[in-house]
Amino acid sequence: MTTRDLDMPVTPANALTLGDAVLRHLVYSVGKDQSHAVERDWCVALSLAIRDLMVDGWMDTTRRIYKTKQKRVYYLSMEFMIGRLLEDAIANMGLIKEAKEFFGELGLNLSDILNSEPDPALGNGGLGRLAACFMDSMATVGVAGIGYGIRYEHGIFRQSFQDGWQLEEPEDWLVFGNAWEFQRPEVEYSVEFGGSVQRDNTGKMIWTPSERILAGAFDTPIAGWGGKHVNTLRLWSARSAEVLNLHQFNQGEFMAAAQQQVLAESITKVLYPGDHTAEGRELRLKQEVFFTSASLQDILRRFRLDNTNWNELPQYAAVQLNDTHPAIAVPELVRLLVDKHGLEFVESFEIARATLHYTNHTLLPEALEKWPLELFERCLPRHLQIIREIDNLFAAEVAAKYEGKNVDPMKAIDPHHGGWVRMGNLAFIGSSHVNGVSALHTELMKQTVFKDLHEIYPDRILNQTNGITPRRWLYECNPLLADLITETIGDAWVKDLEHIAALAPHADDKTFRKKFAAVKAENKVHLAAFIKQQTGIVVNPTSLFDVQIKRIHEYKRQLLNALETMALYNAIKEDPSAGWTPRVKIFAGKAAPSYTLAKLIIKLINDVAAKVNADEDVGDLLNVVFLPNYNVSAAEELIPGADLSEQISTAGFEASGTGNMKFALNGALTIGTLDGANVEIKDHVGDDNIFIFGMEADEVARRQQEGCQPWMTVSETPRLQEVVKQISSGFYSHGDTERFAGVVDNVLAHDYFQVTPDFDAYWETQRKVDAEFKDVDNWHRKAILNTANMGWFSADRTIRGYAKDIWKALPDEG
Ligand code: 26W
């Protein structure tokens, strides 16, 4: 096989061309001949052909790591939002051109084939996408990384709208099988729950669990740029230790006979099962324990292959906990060392603490996990004992350093308020490094949620600002811009995004600006077609494309955007000839199924869209679109076509954001608050090339503490007041005055996320955007400077930071 478009040494195991390999797989793996093959068959055949190529690099990488005893990095995450894998793999192997030509000759279109791959719905938000970008970057930079997570059969729900309301349906990305994974039936671990703990006559604690679930491994190879270094994503699937109760079955009790199996398998059915019921909460806790325990058992097994000294574990393994979801790793690792391998408790805790590291992704109190003691006692009695011992050890450590310090608020267990296990505190106490995901977020962590713990361990918290992979988020999703950049400055930027800085001087070149503008224009035509295909709404591709795509959450303030949209609608209606900049407001995102207010905000935006889009007075001056089922593939369509990126969270609440980086890299200008990584984006792209508005984090915090009166603010903000009146009077709900009472009440009575005090600043800044967009050439100059100055936001830079400061696992650059 040859690699024609990039000079990369991918050496195949056999001498087939890519086309021959695809045709062989079509016949012998898919079992179809060419004349009967449909797009999905071609997709599977192509995936298998590419996978074959990756396997050589995969085995080489694994052999090299074993031989050199390179330190391994284990990334434990509830979510891996990897997106479609085929295009990414072809790109990494340098075979895009060859694949295009092969299908072209058959009269087929490569992008149709790529689009027939289901999008693995194994994530929900930025945390999951970050894990996927990190997998790409670890492989590119040469870190020996293994991702560990859950192979959800149904992943996150599929979103559709019924009369504007969000509907949730099960995702079934696995129905046609998964060409990328290798099942490893021999890699299986038992994860236990329930039962009781007794002390035996030697004083040892013996846990007799009441439930046993088996975790089976499925491996997906993840190739870095160039395909030389290939890492593994290992996802666990649950099955019952008891296959089928044959006795019950033979008695005709078919349902009862399968019950064990159904219960066990429920653990890996869906991502984020509803947690408004006790059963749902218990299932979620079990999911966390399930994948964390299986992963740690696997890590210890691998370590033991060539090492007998447990104290050396931290020298060869670093385990990164992606938020608190795998925080049970702290007592679980101690348990495995003490109960299974006979180590002493204190020594085990030292080993665990030196091996584990914890990333915090949110300061929102409701997202900092805590579990009722009662639930823990019932499901994890041995772990609870160990956590108590850890708390005692921690208290002793503090007492030795600081006399009279009250440790109770810092302990993992909170015996008050009914009794809780605080997973954030547990993760902090049991890790050697704790990191935030942007400079501001890390600072706020030190001042708020982990203030006390930070005082005790001042060196433990550090920052690693998030990043994104430029392969997926520019090279693959935006081929027109990628080609223009490569044609202008060469292709070194794909492997090392810092090289993109060479584009900056071209911002002053009129011819280049024209080319850049032409690329954006074509991407917008493409996006307009996508919008029409998904929603039926026709938009004008020359309008300003204003995009807010992310989970729906109050702190992200889609409501602020919606309210401004309604105010703009009023203003346009009042004077349609006032020289408005035509705009398309594009929204996408899922609301958690039990998050009533977020779902009501979706309904409001859909109702506004219906009214505004049908209004002939307004025409192209304003359109509103809510795209259903936001996922990685949708983001890849939307981001290249955006002019304006909405990053308008209440300052202090968005830990980092990574969508903000994707947009700026693709030449969209940001309208945003000084929150999360926006602060650092502003520092890189320059104050003149970003639209910053609104209160800063300290002012927000002050107002929240003082308790402000939103209705007063509304009465002093006439545009907002009019909009609120309209919503309450049923203007957007066919006279139904009740429908949006929840939204109105939120804005007027609580407004915890400070929509009202930021409204005017947001409105004014949007009008500045309108004015600046009219000077098209200058707008593109700014857009180019955004793209050129985003080099630092590569996830490769982030991974090198983790490798150096946290994992002490500097990549093998050879
Ligand atoms: C308790 C359950 C739970 C699970 C997931 C609560 C919250 C989540 C989020 C979806 C976590 C998340 O995605 N956080 C985001 O992480 C990104 C990567 O660091 C940041 O860029 C975002 O600011 C942060 O919201």
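Bear in mind these aren't lab numbers, they're just calculated from the coordinates by the rules spelled out. None of the values given here were measured: they were computed from a predicted structure. Heads up, the Cβs are rebuilt from the backbone with ideal geometry, glycines too, and the neighbour counts pull from every protein chain shown.
Pairs on different chains or at least eight residues apart, Cα atoms closer than 24 Å: how many lysine pairs in the range 597-755 fit?
6
When the chain is fully extended, how far beyond the present Cα-Cα distance does Glu312 get from His526, taking 0.36 nm per residue of separation?
Values: separation 214, 0.36 × 214 = 77.04 nm, distance 5.43 nm.
Length gained between Glu312 and His526: 71.6 nm.
Starting from the range 681-721, pick out the trypsin sites (Lys or Arg not before Pro) whose DSSP state is loop and whose Cβ has at most 10 other Cβ atoms within 10 Å.
Details: sites: Lys682, Arg702, Arg703, Arg719; in loops: none.
Here no loop site has a sparse enough neighbourhood.
So if R0 is 56 Å, what FRET efficiency would Lys69 and Arg40 give, r being the distance between their Cβ atoms, rounded to the nearest 0.05?
Computed FRET efficiency for Lys69 and Arg40: 0.85.
If Lys and Arg each add +1 and Asp and Glu each add -1, what is the summed charge of the other residues whose beta carbon sits under 11 Å from the beta carbon of Ile328?
-1
Within 10 Å of each residue's Cβ, count the other Cβ atoms and sort Asp459, Asp219, Asp508 from fewest upward.
On the way: Asp459 8, Asp219 17, Asp508 11.
Exposure proxy ranking, most exposed first: Asp459, Asp508, Asp219.
Report the FRET efficiency, 1/(1 + (r/R0)^6), for Asp770 and Thr277, where r is their Cβ-Cβ distance and R0 is 35 Å, rounded to 0.05.
0.15
What GluC sites (Glu not before Pro) in the range 730-814 are in a loop by DSSP, with at most 12 other Cβ atoms within 10 Å of the Cβ?
Within the range 730-814, the qualifying GluC sites (Glu not before Pro) (loop, at most 12 other Cβ atoms within 10 Å) are Glu738, Glu813.
List residues of the range 611-652, by number, whose backbone nitrogen lies under 14 Å from a label position 7 Å along Cα→C-beta of Thr542.
Counting only backbone N, you get 620-621.
What's the Cα-based Rg to Rh of the range 153-292, Rh via Kirkwood?
Across the range 153-292, the Cα-based Rg/Rh ratio is 1.06.
Find, to one decimal place in angstroms, the Kirkwood hydrodynamic radius of the chain, where the mean of 1/r is taken over every pair of different Cα atoms and then inverted.
Computed over Cα pairs of the chain, the Kirkwood hydrodynamic radius comes out at 28.1 Å.
Could you list Asp136, Asp775 so that the one with the fewest beta carbons within 10 Å of its beta carbon is first and the one with the most is last?
Going from sparsest to densest Cβ surroundings: Asp775, Asp136.
If the convex hull of the alpha-carbon atoms of the range 362-513 is projected onto planes in all directions, what is the mean projected area in square nanometres? All intermediate terms of the calculation are to be shown ahead of the outcome.
Details: hull surface 54.2 nm².
Answer in nm², one decimal: 13.5.
Packing-wise, with mean Cβ within 10 Å as the measure, how do 319-329, 340-350 rank, highest first? Let's see the in-between values first.
Details: 319-329: 26.3, 340-350: 14.7.
Ranking the peptides 319-329, 340-350 by packing returns 319-329, 340-350.
So what's the range 1-155 giving for Rg/Rh, alpha carbon basis, Kirkwood Rh from the mean inverse pair distance?
Values: Rg = 16.8 Å, Rh = 17.0 Å.
So for the range 1-155, dividing Rg by the Kirkwood Rh gives 0.99.
Loop-only GluC sites (Glu not before Pro) in the range 542-641, please: DSSP not H, G, I, E or B, and at most 14 other Cβ atoms within 10 Å.
Glu616
What's the ranking of 660-672, 275-287, 394-406 by average number of surrounding C-beta atoms within 10 Å, highest first?
By packing density, highest mean first, the sequence is 660-672, 275-287, 394-406.
Full-extension gain between Glu389 and Thr596, please, as 0.36 nm times their residue separation minus the C-alpha to C-alpha distance. Working shown, then result.
On the way: separation 207, 0.36 × 207 = 74.52 nm, distance 4.00 nm.
Difference between extended and current length: 70.5 nm.
Could you list Ser35, Ser431 in order of exposure, starting from the residue whose Cβ has the fewest other Cβ atoms within 10 Å?
With the fewest neighbours first, Ser35, Ser431 line up as Ser35, Ser431.
If the cut-off is 15 Å between C-alpha atoms, which aspartates and glutamates fall inside it for Lys550, apart from same-chain ones fewer than 8 positions away?
Glu636, Glu637, Glu646, Glu654
Any idea what the dipole of the chain comes to, in debye rounded to 20, about its Cα centre with Lys/Arg Cβ at +1 and Asp/Glu Cβ at -1?
1420
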